[in-house]
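No value in this document is a laboratory result; all are computed from the given coordinates. What you are looking at is a predicted structure, and each value in this text was computed from that prediction instead of being measured. Here the Cβ positions follow ideal geometry from the backbone for every residue, glycine too, while neighbour counts run over all protein chains shown.
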Amino acid sequence: MTQELYQEAIKFAGEKHSEQKVPGTNSNYLLHISNVAMEVLVAYNLGAKFNIDFAIQVAILHDTIEDTNTDFEEIKRKFGEPIAQAVEALTKDEKLQTKKERMMDSLNRINKLQKEVGLVKIADRITNLQTPPKHWNKDKVIAYCEEAKLILDTLSNKNEYLSQRLKTKISEYNQKIKQL
């Protein structure tokens with residue numbers, strides 16, 4: 001049942017991210033995670049046809065390998081191999097040299113998996129396109145917006161509603177860039 005899966009995943013993520021803050025804020029990282037999950041739930045409630053149980057777990061766990069001491073095997077043992085593969089695809093490979101290479105590699109891996117993995121990536125970027133942290137310079141803000149456009153272009157076939165939401169968020173973010 002979705003609620004139990006949600007609760008199990010959020011407890012795990014809460015423990016793993018317990019010391020992490022949303023960048024540029026004093027908010028606990030669970031705020032970001034719950035916002036990504038909310039985007040997925042809203043898309044599902046608007047009639048999107050996808051596996052909500054799989055998608056919600058991936059949404060909640062999407063940053064555990066990238067941002068905590070959690071590894072693929074731990075996710076696999078606790079949540080199963082498909083969830084672990086999804087979280088791994090959403091994790092940028094730090095061995096690659098440039099930020100763009102890391103993003104393209106992740107997007108390519110995402111596109112080889114279930115559509116739910118791609119729609120989680122879109123939901124993640126929607127959630128991240130808030131007011132940029134004050135310590136970011138204009139070039140970094142512009143690059144982040146360009147990266148969002150790449151995500152939209154690469155994953156737009158995953159979910160129509162979320163793709164439209166991301167398109168709107170990119171437009172709003174561009175307005176913020178003009179004010180910098």
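With an a/c value of 1.5 or above and a/b not larger than b/c for the gyration tensor axes a ≥ b ≥ c computed over the alpha-carbon atoms, the range 93-136 is described as oblate. Set the Förster radius R0 to 22 Å, insert the Cβ-Cβ distance between Glu146 and Asn26 as r into 1/(1 + (r/R0)^6), and round the FRET efficiency to 0.05. Once the sixth-power term is evaluated, E becomes 0.20. Computed from the C-beta positions of Asn51 and Thr131 and an R0 of 25 Å, the FRET efficiency is 0.15 to the nearest 0.05. Each of the peptides 84-91, 35-42 was scored by the mean count of other Cβ atoms within 10 Å over its residues; in descending order, highest first, they stand as 84-91, 35-42.
Across the chain, how large is the tail of the calculated P(r) beyond 29 Å, expressed as a percent of all Cα pairs? Beyond 29 Å sits 16 percent of the P(r) for the chain. Rounded to the nearest 20 debye, the dipole magnitude of the range 1-93 is 240 debye, with +1 charges on Lys and Arg beta carbons, -1 on Asp and Glu beta carbons, and the Cα centre as origin. The 3J(HN,Hα) values that the Karplus relation (6.51, -1.76, 1.60; θ = phi - 60°) gives for the range 19-27 are, in residue order, 9, 8, 10, 5, x, x, 9, 9, 6 Hz. Gly and Pro appear as x. In the chain, a dipole from Cβ-located charges (positive for Lys and Arg, negative for Asp and Glu) runs towards its positive end, and of Ile177, Thr131, Thr154 it is Ile177 whose Cα lies farthest in that direction. Rounded to the nearest 20 debye, the dipole size of the range 104-180 about its Cα centre is 140 debye, using +1 on the Cβ of Lys and Arg and -1 on the Cβ of Asp and Glu. Each other residue within a Cβ distance under 11 Å of Ala143 adds +1 if Lys or Arg and -1 if Asp or Glu, for a net charge of +2.
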